[in-house]
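Contents: one structure, followed by commentary.
Values in this text are rule-based calculations from the coordinates and carry no lab data. All values reported here derive from a predicted model rather than from experimental measurement. A quick note on method: Cβ atoms are made from the backbone with ideal geometry, for glycine too, and the neighbour counts reach across all protein chains shown.
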Amino acid sequence: MPVFAYRVARPDGSTLDGQIEGEEEHLVRAKLEGQGFLIFRLQRRGAATTGLGLGWHAFGKLPLQEFLVFNQELLALVKAGLPVLRVWDLLIERANHSGFQQALRTVRQDIRGGASASEALAKHPIHFSELYIATIKAGEQSGNLAEVLQRFIAYLKLMIGLRQKVSKALAYPGFLVLVGIAVIGFLLTLRRADVRVGLCGDVEILTGCHATVA
């Protein structure tokens with residue numbers, strides 16, 4: 001039976017990492033949610049998480065896949081209705097990238113000082129693009145940050161999927177190029193061997209002796 005790795009939040013705001021068996025992702029998700037957990041991440045073990053698209057840094061120094069996870073966690077915490085500073089405490093705790101974690105600490109301090117999230121994030125353009133800041137600002141102004149985050153997460157998933165397809169599309173032509181180079185090299189080797197044999201044959205006919213071509 002497939003095994004899924006998960007990261008969830010308990011009702012008290014603490015986080016939990018673990019593994020669970022299940023036939024399908026949606027069934028595992030329903031089971032975890034039925035236990036009162038907020039799902040940050042759920043992924044089948046052995047599923048590919050790397051590729052050309054995942055290595056591209058579309059949001060500063062943070063890989064796109066990690067930025068997706070960050071926003072999934074943020075969405076889950078927003079839906080849980082936790083105090084805003086507690087939300088950022090948990091995000092800081094779960095951040096793996098040291099530079100990104102430090103940026104989140106500064107964001108939390110600014111929010112505590114009275115700044116909005118979009119204003120605080122705007123001070124870190126290396127990690128947060130103008131598009132992302134505009135997204136958060138739109139959520140703040142509309143009063144429906146969760147819905148805006150859901151749309152942005154859907155956009156990130158689309159981007160990751162497209163880049164994975166690009167990676168696969170580029171891999172096959174690249175393979176053909178390498179094969180072509182190898183074939184040309186092999187043919188050139190054979191051609192040089194034919195030339196050597198031909199020259200040595202001509203010398204033997206004319207001189208009656210063996211010749212070696214460098």
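For the reader, a short list of remarks on this structure follows.
- About its Cα centre, the stretch 49-170 has a charge dipole of approximately 300 debye under the convention of +1 per Lys or Arg Cβ and -1 per Asp or Glu Cβ, with nothing else charged.
- On full extension, the segment bounded by Gln150 and Val78 gains 24.8 nm, given 0.36 nm per residue less the C-alpha separation.
- Net lengthening on full extension, Arg29/Ala5 (0.36 nm per residue, minus Cα-Cα): 7.5 nm
- Sorting 97-103, 64-70, 155-161 by average packing, meaning the other beta carbons within 10 Å per residue, from highest down gives 64-70, 97-103, 155-161.
- For the stretch 49-170, lysine pairs with C-alpha atoms less than 19 angstrom apart, excluding pairs fewer than eight positions apart on the same chain, total 6.
- In this structure, Thr15 and Glu130 have a Cβ-Cβ separation that, at R0 = 30 Å, corresponds to a calculated FRET efficiency of about 0.50.
- The Rg/Rh ratio of the stretch 49-170, with both radii computed over alpha carbons and Rh defined as the Kirkwood radius, is 0.97.
- Nearest-0.05 FRET efficiency for Gln109 and Gln141, computed from C-beta distance (R0 22 Å): 0.45
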